[in-house]
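First up is the structure itself, then whatever we jot down about it.
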């Protein structure tokens, strides 16, 4: 994208001394609910008040949003509290209604980002707008698809662009609702450092007690802001109850987060060092999760060997693995000595797991 620095202009215009904060309920439920939450967020670090008006649900029959009437509630929020407003749009009609009601920020959801046809329809409807437009990552871990959506919006002369990292869907069960796959967002950030990057810890975690940790990781990775779902009575929310926090909890999260600023040469060094260390932490966590998965498979192999009365150690298989990994390591700049140490340790742990199964 040409003139990528222009993308950051809208964010710099806010002149904030803290990350950008977008907060509000997952869904607008009633006018009273929308206004009560907004009043609670009025004198906080929140910059944009978000509320889902149209809710794309996985299965029919679930609450799919109040529809256009909710836009009038957002207008009242702006009038009463002065907060700028934000909502998700998924087609041309949504865009036209949102612009008609002067919504300040529009985002395109993960389910929409996967379809170039939908993104193009929205881009055409937004052509030349001065509103802020954010694109969530697609549900599947595909960086090119994410960037393709941004390019479509940029070509529609939409200069106030940004992206939202909300994690990626996986059939595999993990501690996250949507796996962060931080490396994908980091790669996007490295390619386009002037593209504002917002983290959505609510959708990444799916659990309110994990939101702080994911938010801190995002800030350590130099994200520009956070989108956090907030509800006065989260346990009784009409959608995504488990991942919403109260306004009071949101304020406490913002107070507890460590925000690293670049004000001089020394702090710039510390900021860069902190960012690189955060990237290493992400990779280390991925390594541990991967090793855990490997040992679960080793347990299953141990059970299979037990059933067939087969010896744990299979020398031929082990030598094949070692030879292959040494070659793979060379391609990634890793010494043979290092690969031998690592895989001997992994192999021994696998043997220990299988022996426990067989002798159990």
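Values quoted throughout were computed directly from the atomic coordinates according to the rules given, and no laboratory measurement underlies them. Here the structure is a predicted model, which is why all the values come from computation and not from measurement. Cβ: placed from backbone, ideal geometry, glycine included. Neighbour counts: every protein chain shown.
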Quiz item: Out of the DSSP beta bridges found with both residues in the chain, what percent are antiparallel (nearest 5)?
Solution: 5
Quiz item: When the chain is treated as a GNM, springs tying every alpha-carbon pair under 10 Å, which of 311, 23, 98 comes out with the largest mean-square fluctuation?
Solution: 311
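Would you list 258, 131 from fewest to most Cβ contacts within 10 Å?
Numbers: 258 8, 131 17.
Fewest-to-most Cβ neighbours within 10 Å comes out as 258, 131.
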Quiz prompt | For 198, 280, 301, order by how many other beta-carbon atoms lie within 10 Å, fewest first | solution = 280, 301, 198
Quiz item: Among 142, 157, which comes first, second and so on when ranked by fewest other beta-carbon atoms within 10 Å?
Solution: 157, 142
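Once the cut-off is 16 Å, how many percent of the Cα-Cα pairs in the range 267-359 end up in the long-distance tail?
Numbers: 2840 of 4278 pairs.
Value for the range 267-359: 66 percent of Cα pairs lie more than 16 Å apart.
Students often check this: by mean Cβ neighbours within 10 Å, which of 223-233, 26-36, 42-52 ranks highest, and how do the rest follow?
Values: 223-233: 23.8, 26-36: 19.0, 42-52: 21.3.
For the peptides 223-233, 26-36, 42-52, the packing ranking is 223-233, 42-52, 26-36.
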Quiz item: Helix 247-256 versus the longest principal axis of the chain: what is the Cα-based angle in degrees, 0 to 90, to the nearest 10?
Solution: 60
Self-check item: Cα long-axis angle, helix 211-220 against the chain (0 to 90 degrees, to the nearest 10)
Solution: 90
Exercise. Measure nothing but the geometry: give the 0 to 90° angle between the long axis through the Cα atoms of 315-331 and the longest principal axis through the Cα atoms of the chain, rounded to 10°.
Key: 50
Quiz item: Ranked from highest to lowest mean number of other Cβ atoms within 10 Å per residue, what is the order of the peptides 242-254, 64-76?
Solution: 242-254, 64-76
Quiz prompt | Extension gain (nm, one decimal) between residue 273 and residue 331, 0.36 nm per residue minus Cα-Cα | solution = 18.2 nm
Self-check item: Label-to-label distance, nm, for residues given as residue 303 and residue 12 (7 Å Cα→Cβ offset)
Solution: 5.8
Quiz item: What translational D, rounded to a whole number of µm²/s, comes out for the chain from Stokes-Einstein when the hydrodynamic radius is the Kirkwood one over Cα pairs, at 10 °C and 1.306 mPa s?
Solution: 70
